[in-house]
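A short worksheet on the structure shown next.
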Amino acid sequence: MKQFYLILFLAFSMLFASAQQKDQTRLSDTLKNYSAYKRKLSFAGVLQTRYVLSMDKDVDINGKNYDPAMAKAISNTFMIKRARVMVKGDINDHFSANILANLAEFNSDPTNKVLENAYIKYSLNEYFHIQAGQFRPFFGIEDAVAVDIIRTLDFSNQYYAFGKNGWQSFQTGLSVLGNVIPGGKLRYFAGAYNGNNKNQPADDNNTKNLYGRLEADLMKDFTIGINAGSGSLASSGIGKAYGADATAKIALNKKFDLLLMAEYKEGANFMAYNADKQIARPDLEEYQMQGFYFFPTLRYNHESKRLRAVEFSCRYEYFDENYKLASNPRQTLIPNVSLIFADDFYAALQLGVAIDKFKKEVPLSTNYNHSLGYVQLQIRF
């Protein structure tokens, strides 16, 4: 009887191991040492250069209003926005390391900049991946899209505000992700991280930020996602954030596709809370950000030898950085044309205007109505 149980246990173990290693070839089943199985080293990157021009009098390229009698300002310039280099090392079929650096940060003070991704990843199967180090927590569409694909001037205003407050962008910690069901129709993301932004030697408190995300493909080319998180920054106490988003691709005919993206997020503004020096300041729950954007793109698939596609887009965004205590909504409209000379945005020329309108203009600040024209060239490699 013991032999029967032993045989049954061995048979079950073999079946389980086979189920966990569906990606292995017959050749790999004969390997005695997986140390260097599928080992490789790959390089990639993106170079993004642009020319920007302030289209409003007495407003500089950063959108700040100035007094021409008191100060001189830069109203147009050439600049390098991104010069990213990525190195990925596959140690074997389970372990890999990823490093991403933005060399353009050396143009200014590089302190706590430059290094962006720096994490080790272990992939067991399609249901379980774990990564540790510095990476972007998956807290919205813009974290799920490849970091080197910029379809317009830049990421959304809410992305950068939530990043400064430790909710997204590059953070240091631990993350797990994978498929919930076979085929990837339902996916999960979860993790814990410091929440005090990238390239910090240690956390700034003993509380870790926690986040979770679920993505579901409801039908072909239609995906929805929901996010939730909790965390803190310095001595702020515990705050929360949540959001929802949707993406869709609609093939209008053989030549035209309509791409749709929409996202809403709300979360604690730790930066505003920590900056408030009132003796009796309100609770953290009163310092809240909220934003929404809608990003439609009409893509014409030209598919000639040199010009692969043309995209016409116009992103609308509504964002209020402190809507309960000091509401001053910012509305942004970015009409953009992209000429794509190599598939998957490997070479693209973009032209557009970023138009910002505030409910209340604040003279001599960046909370001032302005428009920024740009011509941008980006190359992936």
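The values are calculated or read from the model by the stated rules, or taken from the named source; none is laboratory data. Being a predicted model, the structure only gives us computed values, none of them experimental. Don't worry about glycine lacking a Cβ; one is built from the backbone with ideal geometry, like all the others, and counts go over all protein chains shown.
Okay, here's what the table says:
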quantity: So residue 71, is it closer than 26 Å to residue 345 by Cβ, among the hydrophobic types (A, V, I, L, M, F, W, C) and either modelled with pLDDT of 95 or more or exposed (fewer than 15 other Cβ atoms within 10 Å of the Cβ) (or both); calculated: no
quantity: Residue in the stretch 186-206 that is among the aromatic types (Phe, Trp, Tyr) and crowded, with 17+ Cβ neighbours inside 10 Å present; calculated: yes
quantity: Residues that are more than 20 Å from the chain's Cα centre (by Cα) and assigned to a strand (DSSP E or B), drawn from the stretch 309-332; calculated: 309, 310, 311, 312, 330, 331
quantity: Conditions (1) outside any helix (DSSP H, G or I); (2) in contact (Cβ under 8 Å) with a residue 12 or more places away in the chain; (3) surrounded by fewer than 17 Cβ atoms within 10 Å (Cβ to Cβ): number failed by residue 344; calculated: (1)
quantity: Output for the stretch 227-250, where each listed residue is surrounded by fewer than 22 Cβ atoms within 10 Å (Cβ to Cβ) and touching a Leu at 6+ places or on another chain (Cβ under 8 Å); calculated: 230, 237, 238, 246, 247, 248, 249, 250
quantity: Members of the stretch 265-281 found to be of a type outside the set (Phe, Trp, Tyr) and touching a strand residue (DSSP E or B) at 6+ places or on another chain (Cβ under 8 Å), listed by number; calculated: 265, 266, 267, 268, 269
quantity: Residue count, the stretch 60-84 (criterion: of a type in the set (Asp, Glu) and more than 13 Å from residue 372 (Cα to Cα)); calculated: 1
quantity: Within the stretch 123-172, considering residues that are of a type in the set (Gly, Ala, Ser) and in contact with a Lys or Arg (Cβ under 7 Å, 6 or more places away or on another chain), the one surrounded by the most Cβ atoms within 10 Å (Cβ to Cβ); calculated: 140
quantity: Members of the stretch 291-340 that are without any contact (Cβ under 8 Å) to a residue 60 or more places away in the chain and of a type in the set (Gly, Ala, Ser); calculated: 304, 309, 326, 327
quantity: Flag if residue 364 is more than 15 Å from residue 308 (Cβ to Cβ), surrounded by fewer than 16 Cβ atoms within 10 Å (Cβ to Cβ), within 22 Å of the chain's Cα centre (by Cα) and not basic (Lys, Arg); calculated: no
quantity: Number of positions in the stretch 132-147 that are free of Cβ contacts under 8 Å to residues at least 24 places away in the same chain and either closer than 16 Å to residue 228 by Cβ or small (Gly, Ala, Ser) (or both); calculated: 1
